[in-house]
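Here's the structure we're looking at; comments come further down.
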Amino acid sequence: MLVSVKWLRDYVDINEDVKSFADKMTMTGTKMETIEYLGQEIEGVVVGKILEINDHPNAEKLVITKVDIGSEVLQIVTGAKNIKVGDIIPLATNGSSLPGGVKIKTGKLRGEASEGMMCSAKELGISEDVIEPYKKDGIYILDNLDEVKLGQDIKEVMGLNDAIIDFELTSNRPDCRCVVGIAREAAATLGEEIKYPEIEVKGDDSVETDVDVIIENDELCKRYIARVVKDVKIEKSPMWMQKRLMESGVRPINNIVDITNFVMLELGQPMHAFNLDLIDTKKIVVRNAKEGEKFSTLDKQERDLDPEMLMITNGEKSLGVAGIMGGLNSLIKDDTTEILLESAIFKPENIRLTSKKLGLRSESSSRFEKGIDENLAMTAMNRACQLIELLGAGKVAHNYNDAYPNPKEPQVIYVSPKKIIGMLGMDLPMDKFIGILESLEFKCEEESDERMKITVPSFRLDIVEDADILEEIARMYGFDNIPAHTMKGNNTAGVKTESQKYIDILKNKATAIGLYEILTYSFVSPKSMDLLNVPQDSDLRDALKLLNPLGEDTSIMRRTLLGNMMNVLVTNISKNNEEARFFELGSVFVPDAQLPKEKKVLTLGMYGPDIDFFDLKGAIEEIFDSVGFLDYEILPEKTNTTFHSGRCAKIVHKGVNIGVFGEAHPEVLKNYGLKKRVYIGEIDSEYVFENSDRTIIYTPVPKYPSITRDIALVIKDEVYSADIENVIKDNGGELLESVSLFDIYTGEQIQEGYKSLAYNIVFRSMDKTLTDDDVEPAYNKIIKALDEKLDAKLRDK
């Protein structure tokens, strides 16, 4: 929240520099985010009045003006189009400086002398978001001419000799979302007394609030105060009010709107002003919207309403969406002469829900949705009426209508001061304990040494239990003043569980073989199942649905990580990354009769010009080997519709399917808008953990050389390489060290329906150097077994 230090000083004495003050506020819980010193770089800019405007003899787009700055009249050449004779403007004189290090000197423009420069809002460092539209394009025109003097320093006129502190407020402190709220904290922090604005409303006996207030849903509307103002004069606000609004990031509009905004910024209570002409029924009815009702808000958007939304109406027509925005039909216009002021309290949850449904947030809704003190409504109404009388903006009714069905009782908490002081670990006298709470406007009554009755101020909506009182004492006493103590107890060394060690090994191996780890959201879209070509009757479509999702794209808990992996691959392809290899070890969520089951799965994904099915297979085998997962089979999988039927395999261990991997199905690629092949896979990581043996067995380096035999086999196409390797391993005996496939061939020399597979077989003994005679029996046994079991023949050419 942006707070002007000058404005803050209206309510509390701050007798130190801004930086020290901001640091102290941070230490007591009101964190300072930034400090902006307005006008720090501005020197020599004064108020001037345009006396005459003449054409430039040498330039069509320039004009020559005469500007009176009180002490002299200067000639200024400008190209601005929004000026006229009589305008009061900021003028940078010879030798002046502007934000950004800009220096202004007397010079010539197309042959004519220019003794300074007229300034725009941007050149003065004023954000265009807080100024009127007609002042944005061109020179900044000063209003309220009777409040300024020619030659006066522009920093004094526009409040540019101030500091603006941006406080970062936590969501549980809505009472601090106003200047008075920050002033309360400042007073307690600095040990000063807060000076609340003195509010007195005279009222006009000739004006009466003859509008009834009917609250149909007192759960959503806690309180509604209405007061009539007549003989309204719509005009510009005085400069002091405009400065306050602009410093807080709010654009001045007119006196009535500015007063409601001023009160909101000062006290924290949003208000609204309705055109009284539209309340011809003489009543305000606060009701729920009707099914199918439509309503046009002030931003000229038509909104679709539902019965959960709360509306402000005149009993016949809707006038505003409660707590969020008024209607286009109740807009205060320049010719408006009678208004109805609203100061109300609405249920925060309903405001937040309505704002979200409508996609509409405002300064009012952002305050209402965090909660507002119910007693503040009357204070704010009186303050607004006082300002209307002060500015001569209208005649305020002598009475008001306050609908408050269920007044809120003061909240009382009973605490043990001794216990709180003990928990803080310090020796705090009771008078200091009470003094801290009273500085925060709590009322304390000691009932005994162990019990104190504390009445919570109505604006402190965050105080509900003794732990909150402890926090108040700690932050105001000063966290840095609480003595440090050595921790007591038995220290134990933290160690990782077997599951955590397994995850470390898996991730380290995955990154070692060139895979990058990714982390994706657990909330996904139901449409991801369609993109993955998952059958309609698949269990994967039975997903957990969120009760209050951010949107449809994050409305269910994922059953598979393949959709997340595809999204990551698509993103990288769209960024023209030629190659990518990823893995994610994440959770999927399976519905259950009681609580959902959370299950860890490993997902891999890759693509690239030199990447194919076997790269993915090799990565999986490397990972399995690193965690000691053995005796698994990789078998063809032709029924999974997410994968290409001819380039997909399933992983089976002791008859259990634990994973699937392969090339994404062409239909899946089409769904994701891809034109290149991608390879993905998903494995039950928990099953792998439970069935792996991570015991490391060390063997000595071989002392004796090996003997290698290469064989080329001709075999039917339907026979798998894994079957051949199993036969070789089963018949190789103790001398067999390894077997590996190194060539696959089909062509002219191989008859149709057959293929040639070449293997490298390594024999070694740990006791001696082998000879051909030692290896021959095992070799012959392998060849015989291949022939008998698989009809595999040695290739002769």
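All conditions in (1) modelled with pLDDT of 95 or more; (2) farther than 23 Å from Ile154 by Cβ; (3) more than 45 Å from the chain's Cα centre (by Cα); (4) not hydrophobic (A, V, I, L, M, F, W, C) hold for Tyr11, with the sole exception of (3). Taken as a whole, the structure leaves Glu308 outside the set of residues that are free of Cβ contacts under 8 Å to residues at least 24 places away in the same chain, of a type outside the set (A, V, I, L, M, F, W, C) and in a loop (DSSP other than H, G, I, E, B).
Scanning region 381-392 for residues that are more than 24 Å from Asn254 (Cα to Cα), open to solvent by 20 Å² or more (accessible area, probe 1.4 Å) and in contact (Cβ under 8 Å) with a residue 12 or more places away in the chain turns up nothing. Restricting attention to region 486-506 and to residues that are of a type in the set (Gly, Ala, Ser) and farther than 15 Å from Asn691 by Cα, the residue that is farthest from the chain's Cα centre (by Cα) turns out to be Gly489.
Results for (1) of a type in the set (Lys, Arg); (2) assigned to a loop (DSSP other than H, G, I, E, B); (3) touching a His at 6+ places or on another chain (Cβ under 9 Å); (4) surrounded by fewer than 13 Cβ atoms within 10 Å (Cβ to Cβ), shown as yes or no for each residue.
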site	(1), (2), (3), (4)
Lys703	yes, yes, no, yes
Asp710	no, no, no, yes
Leu713	no, no, no, no
Glu725	no, no, no, no
Asp730	no, no, no, no
Phe742	no, no, no, yes
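Name the residues in region 399-428 that are within 30 Å of Asn217 (Cβ to Cβ), assigned to a loop (DSSP other than H, G, I, E, B) and of a type outside the set (Lys, Arg), would you? Asn399, Tyr400, Tyr404, Pro405, Asn406, Pro407, Glu409, Pro410, listed by residue number.
Cβ separations smaller than 6 Å between residues 6+ apart or across chains give the following pairs from region 27-41 residues that are closer than 21 Å to Val180 by Cβ to residues that are of a type in the set (S, T, N, Q) and outside any loop (DSSP other than H, G, I, E, B): Thr28/Thr189; Met32/Thr26. For region 327-339, the condition of being open to solvent by less than 40 Å² (accessible area, probe 1.4 Å), at pLDDT 95 or above and not in a helix (DSSP H, G or I) holds for at least one residue.
A single member of Ala510, Ala543, Ala493 is over 30 Å from Asn172 (Cβ atoms), assigned to a loop (DSSP other than H, G, I, E, B), of a type in the set (A, V, I, L, M) and touching a strand residue (DSSP E or B) at 6+ places or on another chain (Cβ under 8 Å), and it is Ala543. Of the strands (runs of 3 or more DSSP E) lying entirely inside region 58-136, those carrying at least 1 residues that are under 43 Å from the mean Cα position of the chain (by Cα) and crowded, with 17+ Cβ neighbours inside 10 Å are 88-98, 116-118.
One line per residue, one yes/no per condition, for (1) touching a residue at least 12 places away in the same chain (Cβ under 8 Å); (2) among the aliphatic types (A, V, I, L, M); (3) within 18 Å of Glu36 (Cα to Cα); (4) in contact with a helix residue (DSSP H, G or I) (Cβ under 9 Å, 6 or more places away or on another chain):
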position	(1), (2), (3), (4)
Ile126	yes, yes, yes, yes
Asp129	yes, no, yes, no
Tyr134	yes, no, no, no
Glu147	yes, no, no, yes
Gln152	yes, no, no, no
Glu156	no, no, yes, no
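Could you list all residues from region 343-363 that are under 20 Å from Asn217 (Cα atoms) and assigned to a helix (DSSP H, G or I)? Scanning region 343-363 gives Pro348, Glu349, Asn350, Ile351, Arg352, Leu353, Thr354, Ser355, Lys357. Note on region 179-223: residues that are under 20 Å from Met264 (Cα atoms), open to solvent by 30 Å² or more (accessible area, probe 1.4 Å) and part of a helix (DSSP H, G or I) total 1.
Matching residues to (1) surrounded by fewer than 16 Cβ atoms within 10 Å (Cβ to Cβ); (2) out of contact with any Leu (no Cβ under 7 Å at 6 or more places or on another chain); (3) among the charged types (D, E, K, R):
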residue: Lys408; (1), (2), (3): yes, yes, yes
residue: Ile421; (1), (2), (3): no, no, no
residue: Phe433; (1), (2), (3): no, yes, no
residue: Ile436; (1), (2), (3): no, yes, no
residue: Cys444; (1), (2), (3): no, no, no
residue: Met452; (1), (2), (3): no, yes, no
residue: Leu461; (1), (2), (3): no, yes, no
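Among the residues of region 529-572, those that are of a type in the set (Gly, Ala, Ser) and free of Cβ contacts under 8 Å to residues at least 40 places away in the same chain comprise Ser538, Gly551, Ser555, Gly563. Cβ separations smaller than 8 Å between residues 6+ apart or across chains give the following pairs from region 626-646 residues that are charged (D, E, K, R) to residues that are open to solvent by 30 Å² or more (accessible area, probe 1.4 Å) and part of a helix (DSSP H, G or I): Glu633/Ala722.
Among the residues of region 224-237, those identified as within 38 Å of the chain's Cα centre (by Cα) and either open to solvent by 20 Å² or more (accessible area, probe 1.4 Å) or hydroxyl-bearing (Ser, Thr, Tyr) (or both) are Tyr224, Lys236, Ser237.
Restricting attention to region 761-795, the residues that are of a type in the set (A, V, I, L, M), over 23 Å from Asp743 (Cα atoms) and open to solvent by 60 Å² or more (accessible area, probe 1.4 Å) total 1. Determine whether region 292-299 contains at least one residue that is touching a Pro at 6+ places or on another chain (Cβ under 9 Å), farther than 30 Å from Leu461 by Cα, open to solvent by less than 60 Å² (accessible area, probe 1.4 Å) and not in a strand (DSSP E or B). There is at least one residue in region 292-299 that is touching a Pro at 6+ places or on another chain (Cβ under 9 Å), farther than 30 Å from Leu461 by Cα, open to solvent by less than 60 Å² (accessible area, probe 1.4 Å) and not in a strand (DSSP E or B). Scanning region 473-527 for residues that are under 30 Å from Arg558 (Cα atoms), exposed (fewer than 10 other Cβ atoms within 10 Å of the Cβ) and either modelled with pLDDT under 90 or hydrophobic (A, V, I, L, M, F, W, C) (or both) returns a single hit, Leu519.
The values are calculated or read from the model by the stated rules, or taken from the named source; none is laboratory data. These numbers were taken from a predicted model, which means no experiment stands behind them. Neighbour counts are summed over all protein chains in view; Cβ atoms, including those assigned to glycine, are modelled from backbone coordinates with ideal geometry. For accessibility, only protein heavy atoms count, side chains too; no ligands or nucleic acids. Shrake-Rupley method; radii C 1.70, N 1.55, O 1.52, S 1.80 Å.
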